[in-house]
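Student: Would you mind keeping the following structure in view while I ask a few things?
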Amino acid sequence: MYANIIVDISHEQLDKVFQYKIPNRLSDSIQVGSLVFIPFGRGNRQIKGYVIDITNKLEASIDASCIKEIISVKEGSIPVEAQMIQLASWMKKHYGSTMNQALKTVMPIKTEVKNIEKKWIKSLVDSTTLQAALEEARRKKYVARVRLLELLVKQPVLSKYELEKKKISSKTLEPLIEKGLICLEKERQYRNPVLEYMNRLPKTKESQQIILNENQQNIVDSITHNIEQKDLKPCVIHGITGSGKTEVYMELISYIISKGKQAIVLIPEISLTYQTIFRFYKRFGNRVSMVNSRQSQGEKFDQMERAKNGEIDVMIGPRTALFTPFSNLGLIIIDEEHEGAYKSDTMPRFHARETAIQRAKMSKGLVVLGSATPSVESYYKAKHGLYHLYYLGKRAVSSSQLANTHIVDLREELKKGNKSIFSETLHKLILDRLQKKEQIILFLNRRGYAGFVSCRFCGNVIKCPHCDVSLNAHNNGTLVCHYCNYTIPFPKQCPSCSSNYIATFGLGTQKVEAMVHKQFPMARTLRMDMDTTSKKGEHEAILNSFSSQQADILIGTQMIVKGHDFPNVTLVGILAADLSLHTSSYRSSEITFQLLTQAAGRAGRGEKSGDVVIQTYDPEHYSIVTSAQQDYVAFYEKEIAYRKMLSYPPIGHLLALLVTSSDEALAQEGILCFANEINIAFGKKIQIIGPTNASVSKIKDSYRKLLYIKAMNNDTLIEVKDKIEELQEMYYKNKKIFLQFDFSS
């Protein structure tokens, strides 16, 4: 028997598979996922590796007489590691990356961080022997040893803190340890960021147990019944904002824990971690932990170790929490499942939704997807019976109603002479809320902003005539389509109405804050964006300040409108709805609908009624009209018709290939080679769009070329990806050309 092994994944240069013989003495203890020790290189130095496959077949290039044997197996390295390695292999196949990159994603390497240890001194002898040692120390005038022995006579166990307090050093301990009078004991202590966070909060009364309403309970009963019947088809919970999806999640988790299993809760934003942790801690106590990118390496590593050791049942965090090494995973919940944050922006460019479903299959667990605005892909699969679909149509707080929504046409505001970022309607409502001591959120819809060009007078956006997406402004004075490379000069006048009010559309949060101070000097403001939340704890501090009503107006980008619950917020102003609507992505209408609906859901969540003002140059667009009506089904029907017409996902499937090189000619040669070869190999099974320059065609002296491939079957695109990797190995193995794949499915 032979094992295919990938060498210690901390070494990038060893990113290939090596074959070793499995000795008879280890045949029963080695399986896929085992961490093994192997002889490596000419000097046969001993290093670690992971078994990714076991086979009877020796590779043709290997001489049987020269193959080396595995030395040993690390005990306790399976079965969680086996599952994670299988998951890494699946990710490599479906998203395109090296095995090394995939393994480092699912099994993060611990960097050099200090372990925290609890230390104490323990007496190994009776009090008579200790007393004799004390008398001897007094005679010999060992001052520090006398202090130590006096303490031990009274108390046979001493903490490290007590020793430091009495200024007793390790040198004082050594003679007594050598004589067998005492011993030094250590215990690994794990960092616990949840306890640290909870201890910083003001003490509150114990939260009352929440009783589910009839709709919530019916969903819980149905899903638990499915689990009992081994029906593990993914579930979509489509619940309007404030409908109590989190209560459903917690009830499902409670059920899973009662079965001796664990749960992972994925959330899209770091800013949601703390609010979510507070609610889950109140329900599940110390059996809950969290991970996020603001934690230290030591904190993150310790949480994974706690999960592996069975110290926690629930892990909460962004997409990397998906790889928590639970040995008996029963449930994965993806809250706000529509969010783009669940898509990795580094290789492998995996989507947490599909990867979670694959991991759940491996562990015989269930995935629950929750959102007020489900992704078109998930809703499409639910409508076609691939997922179970549930609906929560009423807010959990009976006195809470959806906000009144006002769509303001900014073209009309301009005609009336109002060039401010605040429409008359929004200005009036802000003054009203400030007088009533109620709170306001001003949301700047900056997601997806990529330099689109529009006319402020008529609202016209300059679009590609071939792809129905907006053209992007490049700094060389041209407008370019990133799907087909259609290019025109930057227009001096609007081609629709000949107005001179034409420019790239852009607005920043700092500018908004300055304008708020100018027009509403009495208002206390907080700003939440990437600049104000760059340090650890800043998300939490801003949200806590706003929640405790230390500010009247919260200004920010999309991070302020996701999942937060502020009962005193009765007004949400959406300053520039068009910023996400007119981008070069085919998802722009979906993203806009989701953001506007989520933003509108922040107003009137308590007993007070709320208002939402949507300011736009395109008030008739279906994503804006349906978001104002909070009508997801109407939006979906419009959007899916558009997707069908152009064969965009989920009807068809899309693969983006990015080729980068410091040599522009080589990058261009490579992208053309791939385009020609896959066209020959796949013909009418695919549609090739491009090649073209990427939206940012050069970064850090590296040129970037882009190619899109459409296919009706995603498996075809995986074959295309394999073909491209084969071509790279054949033609560009030793040249400085790099590939990055991005699947949309």
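Student: In this structure, is TYR642 of a type outside the set (Lys, Arg), in a loop (DSSP other than H, G, I, E, B) and either under 30 Å from LYS736 (Cα atoms) or modelled with pLDDT under 95 (or both)?
Tutor: Answer is no for this residue.
So that you can scan it fast, the table gives a plain yes or no per residue for (1) open to solvent by less than 20 Å² (accessible area, probe 1.4 Å); (2) of a type outside the set (Val, Ile, Thr); (3) part of a strand (DSSP E or B):
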position	(1), (2), (3)
ALA656	yes, yes, yes
THR660	no, no, yes
PHE674	yes, yes, no
ASN679	no, yes, no
GLY683	no, yes, no
GLN687	no, yes, yes
GLY690	no, yes, yes
ASN693	no, yes, yes
VAL696	no, no, yes
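Student: Still on this structure, I have one more. Would you point out which residue out of MET84, MET91 is at pLDDT 85 or above, under 24 Å from GLN46 (Cβ atoms) and hydrophobic (A, V, I, L, M, F, W, C)?
Tutor: MET84
Student: Could you tell me which of the residues LYS68, LYS74, LYS119 is modelled with pLDDT of 90 or more, open to solvent by 20 Å² or more (accessible area, probe 1.4 Å) and touching a strand residue (DSSP E or B) at 6+ places or on another chain (Cβ under 6 Å)?
Tutor: It is LYS68.
Student: Mind listing whichever residues of the range 287-302 are at pLDDT 90 or above and not hydrophobic (A, V, I, L, M, F, W, C)?
Tutor: Matches in the range 287-302: ARG287, SER289.
Student: Inside the range 704-735, can you point out the residues that are open to solvent by 90 Å² or more (accessible area, probe 1.4 Å) and in contact with a helix residue (DSSP H, G or I) (Cβ under 7 Å, 6 or more places away or on another chain)?
Tutor: Across the range 704-735, the qualifying residues are TYR731, LYS735.
Student: Those residues that are out of contact with any strand residue (DSSP E or B) (no Cβ under 9 Å at 6 or more places or on another chain) and not in a loop (DSSP other than H, G, I, E, B), I need them from the range 166-187; list them, please.
Tutor: Selection gives LYS171, THR172, GLU174, PRO175, GLU178.
Student: Among what's in the range 530-543 and is out of contact with any helix residue (DSSP H, G or I) (no Cβ under 8 Å at 6 or more places or on another chain), within 17 Å of GLN275 (Cα to Cα) and not β-branched (Val, Ile, Thr), pick the residue that is least open to solvent (accessible area, probe 1.4 Å).
Tutor: Ranking the qualifying residues of the range 530-543, first place goes to GLY537.
Student: I would also like to ask the following. If the requirement is being over 22 Å from SER584 (Cα atoms) and touching a Pro at 6+ places or on another chain (Cβ under 8 Å), which of these qualifies: LEU707, LEU666, LEU672, LEU727?
Tutor: None of the other options fit; the residue is LEU672.
Student: What's the number of the condition GLU590 fails, among (1) under 21 Å from the mean Cα position of the chain (by Cα); (2) open to solvent by 10 Å² or more (accessible area, probe 1.4 Å)?
Tutor: All conditions are met except number (2).
Student: Could I ask something else about it? Just to be sure before I move on: is LYS114 within 30 Å of ARG283 (Cα to Cα), outside any helix (DSSP H, G or I) and either touching a strand residue (DSSP E or B) at 6+ places or on another chain (Cβ under 6 Å) or at pLDDT below 85 (or both) in the structure I sent?
Tutor: Working: within 30 Å of ARG283 (Cα to Cα): no; outside any helix (DSSP H, G or I): yes; either touching a strand residue (DSSP E or B) at 6+ places or on another chain (Cβ under 6 Å) or at pLDDT below 85 (or both): yes.
So LYS114 does not fit the description; no.
Student: List, please: which pairs have Cβ atoms under 8 Å, are six or more places apart or on different chains, and start with a residue in the range 529-552 that is closer than 18 Å to LEU444 by Cβ and end with one that is among the charged types (D, E, K, R) and part of a helix (DSSP H, G or I)?
Tutor: Listed pairs, sorted by first residue: THR532/GLU538; ASP552/ARG433.
Student: Residues of the range 398-452 being in contact with a strand residue (DSSP E or B) (Cβ under 9 Å, 6 or more places away or on another chain), at pLDDT 90 or above, open to solvent by 30 Å² or more (accessible area, probe 1.4 Å) and in a loop (DSSP other than H, G, I, E, B), which ones?
Tutor: Once the filter is applied, which keeps residues that are in contact with a strand residue (DSSP E or B) (Cβ under 9 Å, 6 or more places away or on another chain), at pLDDT 90 or above, open to solvent by 30 Å² or more (accessible area, probe 1.4 Å) and in a loop (DSSP other than H, G, I, E, B), the range 398-452 yields only LYS436.
Student: I've got another one for you. Looking at the structure I just gave you, is LEU252 modelled with pLDDT of 80 or more and open to solvent by less than 70 Å² (accessible area, probe 1.4 Å)?
Tutor: Values: modelled with pLDDT of 80 or more: yes; open to solvent by less than 70 Å² (accessible area, probe 1.4 Å): yes.
Spelling it out, LEU252 is indeed modelled with pLDDT of 80 or more and open to solvent by less than 70 Å² (accessible area, probe 1.4 Å).
Student: I would also like to ask the following. Could you check SER580 against (1) at pLDDT 90 or above; (2) assigned to a helix (DSSP H, G or I) and say which number it fails?
Tutor: Unmet for SER580, out of (1) at pLDDT 90 or above; (2) assigned to a helix (DSSP H, G or I): (1).
Student: Residues of the range 549-562 being modelled with pLDDT of 90 or more, assigned to a loop (DSSP other than H, G, I, E, B) and not charged (D, E, K, R), which ones? Give the derivation first.
Tutor: Step one: of the range 549-562, the residues modelled with pLDDT of 90 or more are 549-555.
Now drop any that are not assigned to a loop (DSSP other than H, G, I, E, B), which leaves 549-552.
Residues satisfying the conditions are GLN549, GLN550, ALA551.
Student: Where in the range 16-63 are the strands (runs of 3 or more DSSP E), entirely inside, with at least 2 residues that are among the charged types (D, E, K, R) and in contact (Cβ under 8 Å) with a residue 40 or more places away in the chain? It would help to see each step written out before you state the result.
Tutor: Values: elements: 17-21, 35-40, 45-55.
In the range 16-63, 45-55 are the strands (runs of 3 or more DSSP E) which contain 2 or more residues that are among the charged types (D, E, K, R) and in contact (Cβ under 8 Å) with a residue 40 or more places away in the chain.
Student: Could you tell me which residue of the range 604-637 is surrounded by the most Cβ atoms within 10 Å (Cβ to Cβ), considering only residues that are of a type in the set (Gly, Ala, Ser) and touching a helix residue (DSSP H, G or I) at 6+ places or on another chain (Cβ under 8 Å)?
Tutor: SER627
The values are calculated or read from the model by the stated rules, or taken from the named source; none is laboratory data. What you see is a predicted model, and the numbers here were worked out from it, not measured in a lab. Methodologically, a virtual Cβ is constructed for each residue, glycine included, from the backbone with ideal geometry; neighbour enumeration extends over all protein chains shown. What goes into the accessible areas is simple: the full protein's heavy atoms, side chains included, and nothing from ligands, DNA or RNA. Shrake-Rupley method; radii C 1.70, N 1.55, O 1.52, S 1.80 Å.
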